[in-house]
Each structure stands twice: as structure tokens, then as C-alpha cells.
Number of protein chains: 4
Amino acid sequence: MSYPMHDTPYSTAAETMIRDAHCFYEHGWLLGTSGNLSVRLDDTNFLITASGRDKGRLTPDDFLAREIARPGERGANSSAYPTDPSLKPSAEECIHQAIYARVPGVGAVYHVHEPYSAFCSERDANLGSTRMSSAEMIKGLGIWEANPRVRIPIFANHADVPAIAAEVDAHLSDPANHKIPGVNIRNHGYYAWGSTPFEAKRHVETFAYLFRYSWELGNGA
Amino acid sequence: MSYPMHDTPYSTAAETMIRDAHCFYEHGWLLGTSGNLSVRLDDTNFLITASGRDKGRLTPDDFLAREIARPGERGANSSAYPTDPSLKPSAEECIHQAIYARVPGVGAVYHVHEPYSAFCSERDANLGSTRMSSAEMIKGLGIWEANPRVRIPIFANHADVPAIAAEVDAHLSDPANHKIPGVNIRNHGYYAWGSTPFEAKRHVETFAYLFRYSWELGNGA
Amino acid sequence: MSYPMHDTPYSTAAETMIRDAHCFYEHGWLLGTSGNLSVRLDDTNFLITASGRDKGRLTPDDFLAREIARPGERGANSSAYPTDPSLKPSAEECIHQAIYARVPGVGAVYHVHEPYSAFCSERDANLGSTRMSSAEMIKGLGIWEANPRVRIPIFANHADVPAIAAEVDAHLSDPANHKIPGVNIRNHGYYAWGSTPFEAKRHVETFAYLFRYSWELGNGA
Amino acid sequence: MSYPMHDTPYSTAAETMIRDAHCFYEHGWLLGTSGNLSVRLDDTNFLITASGRDKGRLTPDDFLAREIARPGERGANSSAYPTDPSLKPSAEECIHQAIYARVPGVGAVYHVHEPYSAFCSERDANLGSTRMSSAEMIKGLGIWEANPRVRIPIFANHADVPAIAAEVDAHLSDPANHKIPGVNIRNHGYYAWGSTPFEAKRHVETFAYLFRYSWELGNGA
């Protein structure tokens with residue numbers, strides 16, 4: 001399945017991530033240079049934050065373009081969008097790669113270190129997921145059915161990041177797992193994606209609300 | 001009883017909602033495109049946010065004008081204020097309709113997904129309301145008596161939104177229930193209204209304080 | 001004892017309060033038009049916020065000048081600074097009056113509805129005060145001794161505001177009670193003052209930290 | 001070991017601290033004029049905030065340059081950067097001195113009154129440190145090993161600040177203790193440092209996340 005959107009210009013992608021990252025930073029979800037954001041440029045390339053930048057103060061020089069890889073392969077710097085060779089993508093780029101490769105139509109992947117998702121991941125680690133069944137905000141994930149059964153999966157936070165990516169890749173190789181537009185990493189933070197940056201931002205914010213709700217009211221509320 | 005205010009120009013109504021929604025977004029009450037705001041334009045029309053917009057970044061193109069309906073009837077796009085036909089009002093417009101139709105003199109209806117109201121709604125669901133008896137901030141609801149008996153009613157969050165609207169409409173058909181300028185929806189968020197946008201904003205913020213207070217100190221504090 | 005500062009121009013006083021109130025609003029301490037601020041203009045007059053204004057959006061038109069009264073007397077609109085007669089001071093102006101009249105050298109009185117002070121007031125109501133003995137931030141109140149014994153007094157929130165003012169006035173008639181530059185009102189919020197607006201702001205923020213600290217760690221920590 | 005960076009111009013150092021302090025203030029970590037920041041200017045001088053300034057509103061006049069002292073000695077006003085003699089450095093300058101003197105290559109020292117660090121310090125006082133073993137954010141401290149054993153040391157909050165500095169100095173005289181780029185003071189706040197202001201800011205924010213995480217999940221999570 002090919003990417004359904006019109007191509008997004010490089011400068012638009014960068015400006016959108018600068019603005020969205022600043023917004024997430026102000027919510028307290030990207031402290032200490034944590035997290036990483038990417039936006040698809042076209043069928044074969046995406047733009048991603050360089051490693052180690054202050055997410056509250058990104059500039060247009062803090063991004064590099066990468067080629068979308070096949071599942072199980074590493075990406076490379078984009079030939080279509082030449083990049084300053086001194087820039088390195090986040091070590092977690094491989095998780096972005098798994099998401100772009102496995103979920104059709106993804107236009108943006110945002111990874112944040114939102115605190116409540118980490119709290120819930122520790123509480124619910126043995127269950128393998130955080131369950132949410134009743135909050136209205138579930139609709140913000142694009143799930144409109146009555147009495148939805150929503151489980152946000154929790155992945156182990158391997159020190160070897162490609163090992164995390166492999167488990168996310170395996171999870172997303174089953175299209176049934178595309179219904180929930182995000183995965184949570186234990187003691188770490190979550191990835192959320194969408195067909196556009198607008199939708200990815202909506203999913204980031206919706207997960208933030210849902211994890212806070214779950215933490216205050218208990219798993220299953 | 002007719003609407004007592006001077007008419008509010010379309011652009012003033014939109015600018016006020018852009019500013020108030022941004023303020024509420026920064027408080028964390030409108031994450032993930034949630035919530036909806038409306039302001040009355042004149043005796044028979046109100047302006048409401050279009051469905052699915054980012055409430056932290058509203059623009060003048062994110063609104064549409066609707067006719068105020070009679071209780072039990074659906075509204076229609078305003079003939080006095082022609083609207084881009086591609087815009088759809090929030091699915092929850094029917095609850096705004098019930099409030100405009102039932103409460104005399106309402107000039108604005110603001111609906112927010114403030115987290116503590118959801119926590120309290122789950123805790124107090126069996127009681128049918130959240131009781132507040134002692135906080136000074138109750139005066140912010142326009143209730144100045146000593147030892148007020150304030151109960152903020154909780155409505156079931158039916159998947160069928162018109163069913164929620166019908167219950168809110170029945171509640172507001174009794175003028176004795178107009179004393180509290182808001183209703184809370186379980187696991188969802190609350191609606192607050194006022195004779196002006198200024199008053200509706202004050203009620204939104206006052207409820208936010210009161211729900212946080214109730215959550216920290218317990219129902220009845 | 002006469003007022004030791006140079007006179008503060010009316011416009012400077014208003015601008016300072018606009019800026020400080022906006023700052024406190026953003027901290028969440030002045031929701032729903034709550035709170036009130038005043039700054040001394042000279043030996044016999046102070047400028048105070050008009051009743052019912054949005055503290056996040058004050059303008060120069062939201063203030064009126066009042067004469068400092070003797071303890072037990074009500075103030076009047078200032079003859080030196082004529083005021084739009086439609087403006088009314090906050091109902092809590094009488095508490096400002098008690099503070100200006102009783103504490104020598106006070107240059108500003110700021111009243112905020114900070115949530116943790118309300119939580120602590122309910123928890124500690126039977127004790128009559130919230131005790132703080134160890135937090136470094138106590139120095140922010142101007143108390144630098146080792147092992148200070150700090151008790152922030154709690155006053156009943158009478159529906160009759162002059163009754164609160166009378167109790168605050170009696171408390172401040174004892175100069176030994178001037179050491180702590182603030183009083184807390186049960187279920188309501190606190191008043192903090194200082195020789196300048198700068199110092200009053202520092203006291204407001206220090207109390208906010210200390211009440212949060214006390215609420216998290218328990219009375220006496 | 002000499003300082004490896006190029007010299008930082010005075011105006012750049014001041015502008016960086018104005019911006020970083022404002023950011024920390026907005027997070028709620030520098031209320032009530034608390035905290036202090038310094039940036040190294042060259043091998044023998046650093047710029048530090050003057051005592052008692054509002055950290056949300058610093059101006060270029062709120063700094064003074066000091067000479068880096070040998071361990072156990074007090075610093076003096078910089079001869080290379082003459083300073084308005086009315087300005088006094090924070091009383092806690094001596095702790096900055098210990099850090100610059102003991103840790104090679106430090107380019108900035110930031111001290112904040114972040115609330116969760118104070119809560120954890122009280123909870124963990126008997127243990128002498130707050131332990132953190134699993135949060136991904138530990139990488140923000142520059143610690144990338146798997147299963148790191150991280151203990152953030154807690155120092156007593158002596159009323160005599162030089163006594164705190166002496167204990168921090170003794171701690172940092174062991175290079176093995178340089179691995180964790182910060183120290184926590186009981187009931188007070190923490191110091192974080194880095195080779196650049198950028199790195200010091202990253203460490204401040206990372207500690208803030210880690211203390212909140214530890215407070216919510218318990219010591220050792």
C-alpha cells in the first residue's frame with residue numbers, strides 16, 4: 001500500500017515538528033533532550049530529529065532525512081534530501097523505521113517521555129498492557145465503538161534498542177495490532193503515530209490523558 | 001424570555017473562543033482536539049467549534065454558525081450566517097442546543113475535558129453528583145449564600161450522544177436546576193455556561209478548581 | 001511608623017500587578033477571577049484590583065485607588081486618585097485594609113487561591129495553623145535562623161468578610177505576629193504581603209512551595 | 001586539567017542563564033527567587049546570579065563574575081570582569097566553587113528548588129541517597145550502561161552553607177563520585193552541572209524527571 005498523502009515539503013515538516021515538540025516540551029513530556037519526532041516526506045523518506053537536541057528549542061538545523069527501510073533493515077541517509085553528515089539520527093530511529101514499514105499510511109511518528117505512561121508501565125508490566133475501557137477520550141485514538149476494549153501494549157526496554165524495534169516490528173506485522181496507534185515502552189515513554197502530524201499529535205495528547213486517567217483511577221478504569 | 005445581551009459580532013465570538021480555548025488548552029483541559037465551545041450570536045444563532053480541531057491552535061476558519069433549536073429538535077446551519085458546507089459541528093452540539101434552549105439568557109457554552117472532573121465522576125457515579133459544601137471558590141459559580149448545598153450532577157456517558165442531550169434537557173427543564181451553571185458527564189468532562197463568554201470562562205475555571213479540591217479532599221469536603 | 005518607600009506611581013503599580021497577576025494565574029493560583037492584589041501608592045493610598053476581573057488578563061482599567069483606613073474603619077475611594085465610580089473594590093478589601101493599617105512598611109498585599117493552601121487548611125483546621133520546620137524555602141519568607149519554628153495561621157472563612165478582617169486585624173495587632181508575612185483562610189487561599197511588590201511576590205511563591213511541600217510530606221515536615 | 005572549552009563571552013553566558021532560568025521558573029523549580037545559576041567564562045572565572053533575584057525575570061544586571069577558588073578557599077570578585085560592587089553572589093556560591101574546583105571540565109552549575117527532589121530527600125534521608133535503577137531517562141545523565149546502579153547522594157542542609165560546601169567538596173574530591181553530575185541537598189533542592197550550559201540544563205531536567213518518577217513509584221523503582 002502506497003503512502004496516500006501529498007508529499008510534505010522538507011521545511012513544512014521541520015516547522016511542524018519544531019512547533020509540536022515545543023508544545024510537548026511545555027507539557028513536560030520531552031525533558032532533558034528526551035524523545036524524538038519524525039514526519040514522512042514522501043513514499044521513501046522521512047525527516048527525523050537529530051540525536052540529543054533540546055526539544056523545547058529545536059531549529060531547522062536539528063533534523064536529518066532518512067530513507068524508509070524494509071522491516072528488519074536499517075535505514076540510511078536520504079539520497080533525495082542530502083544531510084549534513086555530522087548529524088546522527090536518534091538511536092531510536094529503528095523503532096520509527098519499524099512503524100513506517102509496517103503500518104500503511106503513517107505520516108508521522110512522535111515519541112515522548114510522558115511521565116504517567118512510565119508509571120503505568122511499571123504498575124502493569126506483568127499484565128503486558130495497560131487496559132482502558134471507559135474514558136471518553138478513547139475516541140481521540142479514532143476508536144468510536146461503544147464499550148471498546150483497548151489495551152496499550154507495553155514492551156520491554158532493552159538496552160539494545162534494535163531489540164525493542166524487533167519486538168515492535170513483530171507486533172505490528174499483525175494488522176490487527178494497528179487499531180491502537182501507539183506502543184508503550186516500560187520505564188521509558190510511548191510512540192504514537194498517525195496519517196498526518198496533526199493526527200500523531202492528537203494521539204500523543206490522547207495517550208497522555210489516558211495514562212494519567214489510568215494512573216489516578218487504577219488499571220481497568 | 002428573550003436573550004438579554006446585545007448581539008455579539010461573528011468575529012468577536014470567534015476571537016473570544018480562540019483565546020479562551022487556547023487558555024484552557026494550556027491548563028491541560030482540551031488535549032487531543034477534545035472539547036467544544038460555542039458563543040451565542042443573537043436570539044436565534046450561535047457559533048460553535050467545528051469537529052476535530054486542535055483547541056490550542058484554533059483559527060477563524062474553525063467555526064460554524066448554527067440555529068438554536070427547540071428542545072428535542074436538532075439545529076441546522078444558520079441561514080443568517082452562511083457557513084462553509086464542508087464544516088461539521090461537534091457531535092456534542094446537541095448538548096449545546098439543550099442548554100441554549102432550556103436556560104434563559106445563556107450567552108456561551110464551554111465544554112472541557114478537565115481531568116479531575118473525570119476522576120470525581122468515576123468516584124461519585126453511584127451518588128449521581130459530586131457534592132461541594134465548603135470551598136470559597138463556590139462563589140465563582142455565582143452562589144454567594146453561607147453554607148451552600150452544591151451538587152454538580154453527573155450524567156451517564158452514553159455512546160449515543162443525543163441520549164446524553166435528552167437527559168441534560170430533562171434536567172434543565174426544571175428551572176431549579178439552573179442554579180448550578182454546569183453538568184458533568186461521567187468519564188468525559190463537563191459543560192459550563194454563562195450569560196457571557198466571560199462568565200462561562202469563570203465557571204469553567206471555578207469547576208476545575210472545585211473538582212481538583214474534591215478529588216484531593218474527598219467527596220463532601 | 002511612616003511608609004519608608006518612595007511613592008510608587010499609579011501606572012507602575014498597575015503594570016506591576018498586571019504582570020504579577022498574570023504570572024500567578026499561569027501557576028493556577030487565580031482561577032475563575034479569584035484573588036485580589038493591591039500596591040501602596042503613598043502614605044495614605046493604595047491601588048487595588050476591582051471586583052470580579054479575570055486575573056490572567058488584567059488591564060489598566062481594572063484597578064481603583066482607596067484610602068488606607070485606621071484599624072476597624074472602612075476605607076473610601078481615594079481623593080488623591082479619582083476613580084471611575086462604577087468600579088468596586090473586591091469584597092475582601094477590608095482584609096487588605098487590616099494589613100496596611102497594622103503592619104508597618106507594607107508596600108503590597110497579594111491574595112491568591114493557591115490550591116495546596118486550601119488542602120492544608122482543611123487538614124490542619126483543628127490545629128489552627130500549618131507548621132513548617134525544615135524546608136530551606138522558609139528563607140524565602142525572610143526567616144534565616146536555624147531550626148525556625150514557623151506556623152502559618154489559619155483563619156475561619158466567615159461568610160461575613162469583615163468578620164475575617166476583624167480576626168486578621170486582632171492577630172496583626174500583636175507585632176510578634178508580623179514575623180510570618182501571611183495568613184491563610186480556611187478552604188479559601190492566603191494573603192501575603194511585603195515591603196515592596198517584589199517582596200510580596202516572593203512571599204506568595206514561597207508560601208505556594210511550602211504548602212505543596214507540607215501537603216505532600218505531612219504537617220510538621 | 002584545564003578547561004577544555006573555548007571561552008564563553010560574558011553576554012552569551014548571561015543570556016543563556018536568563019533563558020534557562022526562565023525555563024526552569026516556568027517548570028516551577030525556581031519559585032520565590034530561589035536557586036542560583038553559574039556559567040564558566042574561562043579557566044579562572046565564572047558568572048553567577050546575584051543574590052535574591054527573581055529567576056523568572058532575570059536581566060543582564062543580575063549577574064556578577066567571580067574567580068574560581070581552590071578547594072577550601074573562598075572566591076573573590078573577578079579582576080578580569082569588574083563588577084558593580086553593590087552586587088553580592090548567592091550565599092551558595094561556595095558550593096558552585098567546590099564543583100568548579102573539583103570536577104574537571106565543568107562549564108556550568110545550575111541549582112534549582114525542584115519540589116520532588118525535596119520530597120525524595122526527606123523520604124530517603126536515612127539511606128543517604130535516592131536510588132534509581134530502571135528509568136530510561138538515566139541516559140540523560142550521560143550514563144548509557146545496561147542496569148546502571150545510580151544513587152543520587154543527599155547532603156544535610158546545614159544552616160551554615162560553607163559546611164554544606166565542605167561536604168560536597170569532600171564528596172567530589174573522589175573522582176569516582178563525578179559519574180553522577182549532581183548532588184541533592186535535604187529539604188532544599190539539587191545542584192547539577194555539565195561541561196556546557198546545554199549539558200547542565202539537560203541534567204537539571206533529567207534529575208527533575210527522575211525524582212518525580214522515584215517519588216511516584218518508590219525508592220529503587
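The values are calculated or read from the model by the stated rules, or taken from the named source; none is laboratory data. The model shown is predicted, which means the values in this text are computed figures rather than measured ones. Please note: Cβ atoms are built from the backbone with ideal geometry, for glycine as well, and neighbour counts cover all protein chains shown. Only protein heavy atoms, including side chains, enter the accessible area calculation; ligands, DNA and RNA are left aside. Shrake-Rupley method; radii C 1.70, N 1.55, O 1.52, S 1.80 Å.
I'd like the accessible area for B:LYS88: 1.4 Å probe, protein heavy atoms, all chains in place, Å² to the nearest 10. It works out to around 150 Å².
Simple rule: put +1 on each Lys or Arg Cβ and -1 on each Asp or Glu Cβ in the range A:96-221, find the dipole, and look at A:ASN184, A:MET132, A:SER173; the Cα lying farthest toward the positive end is A:MET132. Working ranking of peptides C:49-56, A:207-214, C:124-131 by packing, defined as the average number of other Cβ atoms within 10 Å per residue, highest first, is A:207-214, C:49-56, C:124-131. Across identical copies of the chain, A:ASN177 has label-point separations of 4.7, 4.7, 6.6 nm, listed in ascending order, with the point defined 7 angstrom from Cα along Cα→Cβ. Using a probe of 1.4 angstrom and keeping all protein chains present, the accessible surface of the range D:57-170 works out to 43 square angstrom per residue.
Residue and distance for the chain D Cβ closest to the axis that moves D onto B, in whole Å, come to D:GLU26, 6.
Residues whose amide H lies under 5 Å from that of A:LEU41, counting only those 5 or more places away or on a different chain, are A:PHE46, A:LEU47; hydrogens are built 1.01 Å from N in the peptide plane. Take each residue in D:29-37, count the other chain C-beta atoms within 10 Å of its C-beta, and the mean is 5.
When D:SER11 is represented by a point 7 angstrom out along its Cα-to-C-beta vector, the spacings to that point in the other copies are 2.9, 2.9, 4.1 nm, nearest first.
Across the copies of the chain, B:GLU216 has label points (7 Å from Cα along Cα→Cβ) spaced 1.3, 1.3, 1.8 nm apart, shortest distance listed first.
Relative contact order, whole percent, for chain A stands at 21, derived from Cα pairs under 8 Å and 6 or more residues apart. The 1.4 Å probe gives accessible areas that order D:THR196, C:THR206, largest first, as D:THR196, C:THR206.
More than 21 Å apart: what percent of Cα pairs in the range C:57-162 qualify? Pairs farther apart than 21 Å: 53 percent. Which shape class applies to the range B:93-221: rounded if a/c is under 1.5, otherwise prolate when a/b exceeds b/c and oblate if not, where a ≥ b ≥ c are the square roots of the Cα gyration tensor eigenvalues? The shape class here is oblate.
To the nearest ten degrees, helix B:93-102 and the longest principal axis of the Cα atoms of chain B are 80 degrees apart. Based on alpha-carbon atoms only, what is the radius of gyration of chain B relative to the globular estimate 2.2 N^0.38 Å? Expressed relative to 2.2 N^0.38 Å, the Cα Rg reads 0.95.
Other protein chain C-beta atoms within 10 Å of residue C-beta, averaged over A:133-146: 4.
Between chain B and chain A, roughly 2000 Å² of accessible surface gets buried, counting both sides and using a 1.4 Å probe. Remark: C-alpha extents of the range C:1-99 on the principal axes read 36, 26, 25 Å, sorted largest to smallest.
Put a plus charge on the Cβ of each Lys and Arg, a minus charge on the Cβ of each Asp and Glu, and nothing anywhere else: the dipole of the protein assembly as shown about its Cα centre is then about 1440 debye.
Kirkwood-type hydrodynamic radius, the range B:136-206: 13.0 Å, calculated from all non-identical alpha-carbon pairs.
Each residue was assigned an accessible area with a 1.4 Å probe, and for C:SER86 the value is about 90 Å². Peptide B:157-163 has a mean shielding of 2, counted as Cβ atoms of other protein chains within 10 Å of each residue's Cβ. Projecting the Cα atoms of C:PHE46, C:ALA80, C:ILE154 onto the charge dipole of the range C:1-156 (Cβ charges, centred on the Cα centre) puts C:ILE154 farthest toward the positive pole. Going down the list D:LYS55/D:LYS201; C:LYS179/D:LYS55; D:LYS55/D:LYS88; A:LYS55/C:LYS55, which pairs span over 19 Å between their C-alpha atoms? From D:LYS55/D:LYS201; C:LYS179/D:LYS55; D:LYS55/D:LYS88; A:LYS55/C:LYS55, over 19 Å: C:LYS179/D:LYS55; A:LYS55/C:LYS55. Against chain B, whose longest principal axis comes from its Cα atoms, helix B:10-27 is set at around 40 degrees.
If you take the Cα centroid of the range B:106-155 and the Cα centroid of the range C:50-86, the two points sit 31 Å apart. With axes computed from alpha carbons, what is the tilt in degrees of helix B:197-217 against the longest principal axis of chain B, rounded to the nearest 10 within 0 to 90? Approximately 30 degrees, to the nearest 10. Converting the Cα gyration tensor eigenvalues of the range D:169-221 into ellipsoid dimensions via √(5λ) gives semi-axes, longest first, of 20, 15, 10 Å. For chain D, the carbon plus sulfur part of the accessible surface works out to 49%, probe radius 1.4 Å.
Could you please report the charge total around B:TRP144, scoring K, R as +1 and D, E as -1 over all other residues with beta-carbon less than 12 angstrom from its beta-carbon? So the environment of B:TRP144 carries a net charge of -1. By the Stokes-Einstein formula, at 0.692 mPa s and 37 °C, the protein assembly as shown with its Kirkwood radius over alpha-carbon pairs has D equal to 113 µm²/s.
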